[in-house]
Amino acid sequence: MHGRTTFFLLILSVLLGAFIAIVEWGGKDEDEQDRPNLRLLDIEPENVIHWSFSRDTLFVACANEQGQWIIHKPVEARADSIKLNHMLAVMAKLPRGEIVTAAQRKSRSLSLDDYGLGKPLARMVLGDAEHRYTLAVGGLSPMKDAVYVQVDNSDAVIATSTNLLDIIPRAAADLRDPRLLAGAPAYVKGFAIKRLGGPLVEIIREGTEWIIHKPITARADWFKVSSLLEQLFNLQIQQFVAERMADPAIYGLSDDETVLQFNIWKDEEKNGLKLCFGNRTNEKGDWIYTAYRGTGSVFAVQKDQVDAFKVGVSDLRDSRLYFMAADAISWIRIEEGEKVLQLQKAVSGGWQVTEPAQWKADTRVVEDLINRLNSLRIEGFLSSTNLLDLGLEPPARVIRMADAVPVLDATTQSVAGATAPATQTAGILPTGRTLAMSRPLPGKEYIYAKFEDEDQLYQLSVAAAVTLALDPIAYRDSVVLALDPMAVMKIVLRKKDVAQAVTREGTGPWVPVAPSVGPVNLAVITTLLEKMATLRAVRFERSERNDLGIYGLKDPRGSLTFILSGQEGIQKTLVLGETSEDLGVYAKVQGQEVVFILPKALADQLLQDIIR
């Protein structure tokens with residue numbers, strides 16, 4: 001009895017489950033049974049290029065142009081691409097829920113009005129280049145867990161997620177880019193700031209540096225400029241005030257009322273945006289009107305953020321002096337009393353010492369000089385106009401730089417004690433700058449300096465200024481002899497009373513020259529020619545004594561003469577003298593005045609026998 005009852009209860013449970021399954025399955029129409037987890041719209045967000053919204057009196061049309069969403073109606077403006085892309089992601093995930101056909105509505109005595117679709121809450125049109133969907137948005141379901149829609153004007157009503165209601169805009173401003181400026185500071189080439197009643201400050205990017213061009217020429221502080229631009233690009237619009245500005249004066253945006261103008265450009269032609277900032281928008285005064293010059297749009301932004309842009313030259317300049325861009329400098333002249341050092345860049349890009357002597361300069365040393373001059377640290381600023389008391393009238397030292405050799409002019413400022421003819425003093429520098437410096441005074445840590453084209457006076461460290469060498473030898477190229485080994489046809493070695501000579505014809509073998517006899521030492525000759533291809537001095541002797549005897553060069557330890565091919569009578573003689581104080585060997589090239597020092601090991605190697 002017990003077992004039989006259990007069996008009947010089991011049979012009853014199976015039958016009841018089957019009945020429920022049949023009822024549930026039969027309650028769905030064919031379309032529902034065949035579309036598990038279907039999406040409302042078959043779209044891929046990244047392919048959508050058009051999206052328009054309409055509700056009440058609002059109509060907004062947007063287009064995706066090269067990855068940036070643009071609003072074309074009711075205004076031409078940047079859209080908030082991040083927001084629109086998020087909205088598209090929501091649209092792509094909307095589910096296709098319950099479907100109510102026209103026949104089903106009729107059987108239930110229901111109309112589109114009962115679903116809020118007689119007069120839809122909103123309409124959308126969106127799609128890619130090939131297909132566009134039309135979506136009408138109606139009312140909520142009785143349980144308020146779904147919203148009814150129609151797709152492509154179909155008779156069917158579809159239930160979908162209420163997430164759709166959260167993304168329908170109520171105003172065009174809901175979709176606009178809240179940033180006042182698009183892009184990023186990295187693309188800015190230059191900008192200009194003009195405060196009401198203040199001077200125009202123009203700053204331009206040159207390589208990796210920001211340079212102030214107006215009202216003075218100076219290096220700008222990279223960190224301060226970068227921070228300023230970051231703040232500008234992060235400035236958010238608090239309110240879209242108007243699209244058509246009837247009278248700029250209403251907003252304090254007329255030319256004579258604008259409290260701040262900010263021009264910003266991303267090309268060499270300075271074509272860009274001009275931002276103007278005007279009156280406060282309300283009694284509280286926390287917002288201020290702003291507009292792009294040449295457009296009718298007016299916005300409101302935070303006043304305290306705009307106040308951070310009201311900066312002058314002193315707020316942005318770097319604490320280092322600046323002449324001009326290093327790669328643009330082609331001429332340098334330093335004058336101090338009767339001393340003059342003049343350097344000039346050759347067409348090839350190398351540097352030459354042109355005064356007081358003429359020889360090839362070491363490009364690396366000259367570039368180091370330029371970098372040090374271009375970055376002398378400013379220790380303080382002065383407003384005094386008494387140049388005589390500061391030792392600047394006349395100055396003790398004058399440093400001139402230009403991007404070309406200047407035209408000489410007798411009216412140019414000269415240093416104290418200069419005796420050179422007027423035509424030899426550096427002149428007008430239409431493409432350069434001139435810095436005057438005072439003389440270091442005992443017990444003083446600073447000297448004074450002033451650019452010729454500025455009123456500003458500077459304090460510079462004495463320690464930094466005195467390291468600027470005027471000795472032309474300090475800039476001389478360390479290569480004292482550079483011979484083409486293939487051009488050497490004869491070598492003569494002299495050591496005390498012994499002379500050895502070898503010669504060759506063209507590329508033929510080396511042979512001894514009478515009275516020298518014996519086999520040639522080919523290994524020594526090969527090494528010798530390798531050294532002569534680029535013979536570098538350890539240093540140059542700065543002594544002004546002309547007595548070669550003190551260097552052992554009047555009665556030299558030895559000499560090497562190289563006779564060259566293709567040039568009748570052309571020969572180079574290297575003379576080697578006594579050991580120097582720094583354990584090198586004094587040497588000179590015959591016919592040249594300068595004495596230099598070679599490493600002793602190299603000098604010994606050069607005097608090895610060339611004939612065994």
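Restricting the first residue to region 154-174 and requiring it to be closer than 20 Å to residue 239 by Cα, which pairs with a second residue that is modelled with pLDDT under 95 and open to solvent by 10 Å² or more (accessible area, probe 1.4 Å) meet a Cβ separation below 6 Å and a spacing of at least six or different chains?
Final answer for the pair search is 172/74; 173/240.
Take residue 263 and tell me if it is of a type outside the set (Asp, Glu), open to solvent by less than 60 Å² (accessible area, probe 1.4 Å) and assigned to a strand (DSSP E or B).
yes
Within region 142-170, count every residue that is polar (S, T, N, Q), open to solvent by 10 Å² or more (accessible area, probe 1.4 Å) and in contact with a strand residue (DSSP E or B) (Cβ under 7 Å, 6 or more places away or on another chain). Steps first, please.
Initial filter on region 142-170 (polar (S, T, N, Q)): 150, 153-154, 160-163.
Next, from what is left, pick out any that are open to solvent by 10 Å² or more (accessible area, probe 1.4 Å): 150, 153-154, 161-163.
Of the ones still in play, those that are also in contact with a strand residue (DSSP E or B) (Cβ under 7 Å, 6 or more places away or on another chain) are 150, 153, 161-162.
Result for region 142-170: 4.
Residue-wise test of (1) open to solvent by 10 Å² or more (accessible area, probe 1.4 Å); (2) small (Gly, Ala, Ser); (3) in contact (Cβ under 8 Å) with a residue 12 or more places away in the chain.
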site: 187; (1), (2), (3): yes, no, yes
site: 190; (1), (2), (3): no, yes, yes
site: 195; (1), (2), (3): yes, no, yes
site: 210; (1), (2), (3): no, no, yes
site: 218; (1), (2), (3): no, yes, yes
site: 226; (1), (2), (3): yes, yes, yes
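Looking at (1) modelled with pLDDT under 90; (2) within 30 Å of residue 526 (Cβ to Cβ), find the lone condition where residue 465 falls short.
(2) is the only condition that residue 465 fails.
For residues in region 450-470 being over 30 Å from the mean Cα position of the chain (by Cα) and under 17 Å from residue 370 (Cβ atoms), which is surrounded by the most Cβ atoms within 10 Å (Cβ to Cβ)?
470
Are there any pairs, at least 6 apart or on different chains, whose C-beta atoms fall under 9 Å, with the first in region 73-102 and closer than 15 Å to residue 44 by Cβ and the second among the aromatic types (Phe, Trp, Tyr), and if so, which?
Between residues of region 73-102 that are closer than 15 Å to residue 44 by Cβ and residues that are among the aromatic types (Phe, Trp, Tyr), the close pairs are 84/51; 84/69; 85/69; 87/51; 88/51; 91/51.
So if I check each of 300, 328, which one is surrounded by fewer than 21 Cβ atoms within 10 Å (Cβ to Cβ) and under 24 Å from the mean Cα position of the chain (by Cα)? Walk me through how you get there before you give the answer.
Working: 300 fails: under 24 Å from the mean Cα position of the chain (by Cα).
Checking each option against the conditions leaves just 328.
May I ask you to list pairs of residues, at least six apart or on different chains, whose Cβ atoms are under 7 Å apart, with the first in region 598-612 being closer than 18 Å to residue 552 by Cβ and the second being open to solvent by 60 Å² or more (accessible area, probe 1.4 Å) and in a strand (DSSP E or B)?
600/579
Looking at region 233-254, can you tell me whether even one residue there is in contact (Cβ under 8 Å) with a residue 60 or more places away in the chain and within 16 Å of residue 195 (Cβ to Cβ)?
No; the residues of region 233-254 include none that is in contact (Cβ under 8 Å) with a residue 60 or more places away in the chain and within 16 Å of residue 195 (Cβ to Cβ).
The values are calculated or read from the model by the stated rules, or taken from the named source; none is laboratory data. Keep in mind it's a predicted model, so treat the numbers as computed, not measured. Heads up, the Cβs are rebuilt from the backbone with ideal geometry, glycines too, and the neighbour counts pull from every protein chain shown. Accessible surface is based on the protein model in full, side chains and every heavy atom, while ligands, DNA and RNA are left aside. Shrake-Rupley method; radii C 1.70, N 1.55, O 1.52, S 1.80 Å.
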